1. What FRET efficiency comes out for Ser70 versus Gln40 if R0 is 35 angstrom and r is the Cβ-Cβ distance? Round to the nearest 0.05.
2. How much accessible surface does Glu28 have with a 1.4 Å probe, in Å² rounded to 10?
3. Just read off the accessible area of Arg85 with the full protein assembly in place, 1.4 Å probe, to the nearest 10 Å².
4. Over the range 145-195, give the accessible area per residue in Å² for a 1.4 Å probe, as an integer.
5. Output wanted: per-residue J couplings in Hz (rounded whole) for the range 166-173, from phi through Karplus 6.51 cos²θ - 1.76 cosθ + 1.60, θ = phi - 60°, x for Gly and Pro.
6. Expressed as a whole percentage, what fraction of the accessible surface of the range 143-193 belongs to carbon and sulfur atoms when a 1.4 Å probe is rolled over the protein heavy atoms?
7. Quick one: Debye curve from the C-alpha atoms of the range 14-147, no solvent, what's log10 I(q)/I(0) at q = 0.12, 0.18, 0.20 Å⁻¹?
8. Under 5 Å between amide H atoms, partner at least 5 residues away or on a different chain: which partners does Asp95 have, H built in plane at 1.01 Å?
Amino acid sequence: DSTVRALVAKREQARFSRDFDAADRLREQLAKLGVTLDDQAKTWRAADGRSGSITQVNVSEIHAQKAAKSGAASLDDAEINRLVREREQARYTNDYKTADRLRDYLERHGVSLDVKEAKWLAADGRWGQIPPVNISAAHAQKAARAGAPRLSDDEVQRILVQREQARARRDYKTADVLRDQLEKHGVYLDSKENKWQGPDGASGAIGVLPETQAEAASKGSLASPPSLAAFSILWREVLHRLLEEGEEGEEGEEGE
């Protein structure tokens, strides 16, 4: 069956490309194997009773193979997987314009997508799975494409600490609000890798609270970390006090 199915698929691709001479040659080749085709019913039948359906053409595969034959530059697996993930995330948020742009880019580099089989296929035989969508990444990347204001690493870390504190005290509503706040600024969380990823390539680990802090947070006795503005004010006060003490010391030495 595999030989027959492959020939049938090639004929459908030839017909789609309007290469009718090639389609006719493939039909004759199938006939020599005792296989007849019914294009209206979309089925094939062999003389020994075997039969099957004529599957619909994978348009993506045709475009990818055409690009590969014209000498298109190939992509490495890491780049393909990144683009495939981004496309799935764009589709999840109904951003079909971005999804189509990413699919077209993959096809121009000889990579086709098979949504039914949930896999990608390169013209040189490499293939991989289309992974499930990271919902947090989907929302964050949509916000980033819309031009959301970006957070500094310090701001990201502050929100992450607050979120971990909320989770430690089982305040999941607050934890979700904080996660949403990050996503609105283009930052998403990868719980499997235990890291956060920003829109400009910045990333970092999602810190785990020390046991004592986690215990305090669970009891509601751990205060939220000071904001960056509050920390700056406190630091200025410390510097001012140190300078005053230094001046007093110099005056004492002159008196002696």
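1. 0.55
2. 110 Å²
3. 110 Å²
4. For the range 145-195, the per-residue accessible area is 62 Å².
5. With coefficients 6.51, -1.76 and 1.60, one gets 5, 5, 5, 9, 6, 8, 6, 5 Hz.
6. Of all accessible area on the range 143-193, carbon and sulfur atoms account for 43 percent.
7. With no solvent term, the Cα-only Debye profile gives -0.62, -1.01, -1.11.
8. none
The values are calculated or read from the model by the stated rules, or taken from the named source; none is laboratory data. Everything numeric in this text was worked out from a predicted model, so none of it was measured. Cβ: placed from backbone, ideal geometry, glycine included. Neighbour counts: every protein chain shown. The accessibility values were calculated without ligands, DNA or RNA, using every heavy atom of the protein model including side chains. Shrake-Rupley method; radii C 1.70, N 1.55, O 1.52, S 1.80 Å.
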